[in-house]
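The values are calculated or read from the model by the stated rules, or taken from the named source; none is laboratory data. What you see is a predicted model; the values in this text were computed from it and never measured. Glycine gets a Cβ as well: all are built from the backbone with ideal geometry, and neighbour counts include every protein chain shown. The area values use the complete protein model at the heavy-atom level, side chains included, leaving out ligands, DNA and RNA. Shrake-Rupley method; radii C 1.70, N 1.55, O 1.52, S 1.80 Å.
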Amino acid sequence: QQADINIGSYKLNSNSRKISNKFKHLDLTEREASILIYLKNAKKPVKISQMQAEVWGHNSKLDTHTVETHIYRLRKKIKVIFEDENFIKSSKSGYFI
């Protein structure tokens with residue numbers, strides 16, 4: 001199986017859950033890695049309810065900020081390590097890479 005997934009200028013190893021560029025790396029949680037893989041494979045921006053259902057397995061009628069909280073923390077980690085504020089973007093249509 002292919003463990004390395006190219007996401008823009010980054011490489012995500014799905015086995016070790018490390019994302020890296022040429023100079024630095026960052027350890028991710030299993031959920032963070034799943035979020036990035038899901039966003040990378042999406043053909044268009046992903047709505048919060050879609051991520052709840054596909055990544056978390058939650059009913060889309062749940063009123064929760066789980067997705068937003070995970071995205072916020074993941075963006076923060078990426079900004080600190082890679083100084084990249086635009087890796088995970090959002091629009092009215094949803095989140096995308």
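Name the single residue, out of those in segment 39-89 being among the aromatic types (Phe, Trp, Tyr) and open to solvent by less than 60 Å² (accessible area, probe 1.4 Å), that is farthest from residue 5 (Cα to Cα).
56
Can you report the number of residues in segment 29-38 which are β-branched (Val, Ile, Thr) and open to solvent by less than 60 Å² (accessible area, probe 1.4 Å)?
So the count comes out to 2.
Confirm whether residue 92 is farther than 19 Å from residue 7 by Cβ, basic (Lys, Arg) and more than 15 Å from the chain's Cα centre (by Cα). First the steps, then the outcome.
Working: farther than 19 Å from residue 7 by Cβ: yes; basic (Lys, Arg): yes; more than 15 Å from the chain's Cα centre (by Cα): yes.
For residue 92, the condition - farther than 19 Å from residue 7 by Cβ, basic (Lys, Arg) and more than 15 Å from the chain's Cα centre (by Cα) - is met.
Pairs only if they're at least six apart or on different chains, beta carbon under 6 angstrom, first in segment 2-19 and among the β-branched types (Val, Ile, Thr) and open to solvent by 20 Å² or more (accessible area, probe 1.4 Å), second modelled with pLDDT of 95 or more and not in a loop (DSSP other than H, G, I, E, B); list them, first residue then second.
Within 6 Å, the pairs are 5/12.
So the check is Cβ under 7 Å with 6+ separation or different chains; which pairs have a first residue in segment 38-55 that's basic (Lys, Arg) and a second one that's assigned to a strand (DSSP E or B) and modelled with pLDDT of 90 or more?
Pairs found: 40/5; 40/7; 47/94.
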